[in-house]
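In what follows, a structure is listed as structure tokens, so that the remarks can point back to it.
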Amino acid sequence: MSTAPSPASPPIGAPILPVLAKYWWLILLRGIVAILFGILSFVWPGVTLLTLILFYGAFALADGVLALIHAVMGGNVGSRWWLVLVGIAGIAAGLVTFLMPGVTALVLLIFIACWAITLGIFQIIGAIRLRKEIDNEWSIGLSGALSVLFGIVLLVAPGAGAVGLIWVIGAYAIVFGILLVMAAFKLKKHQAP
């Protein structure tokens, strides 16, 4: 039995830009989902806590699934392990949210904050990995830094009003989504012909 990687699977430690560029559209979809979530948060600011929970769960689940798909497309996930962790964290966040919609606002807030910090850390790690392969990888790193900052703010000021929280989450999602869309189009330029 041969242990050599298949031609479609880059070896561990190989540049990740070709695979990320090939599936640039998955990052684009993640950005679009985030932007739509953010817009819905502003359009319906009077939404109930349950609806906020369901919107958040749908967003986290969709983002996690898309990140996981992106991680496994193209074979060997060794160089894209951070996308696997982002995907698993998003899917777990979405499922827990749907399975336990009666959680208190404070627990949800802490959960969202921890998810945002985890997501941000792994986005930053991914940007650091890409810095040797792509110019101006800052949009991926900045989206990660924004996520970490957002999570910290939620942990430090948990008493924010429900509408204020919805607007903060909506603004975060829109900015995060725009940064991912920018990163997707940057990766598209590096797509193999």
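Couple of notes before you dig in:
- Size-normalised alpha-carbon gyration radius of segment 103-142, reference 2.2 N^0.38 Å: 1.56
- Overall form of segment 23-188 per C-alpha gyration tensor (a/c, 1.5; a/b vs b/c): prolate
- Residue 138/residue 171 FRET efficiency (R0 30 Å; Cβ-Cβ; nearest 0.05): 0.90
Bear in mind that the values in this text are calculations on the coordinates, not laboratory data. All values reported here derive from a predicted model rather than from experimental measurement. Ideal geometry is used to build each Cβ from the backbone, glycine not excepted, and the neighbour counts take in all protein chains shown.
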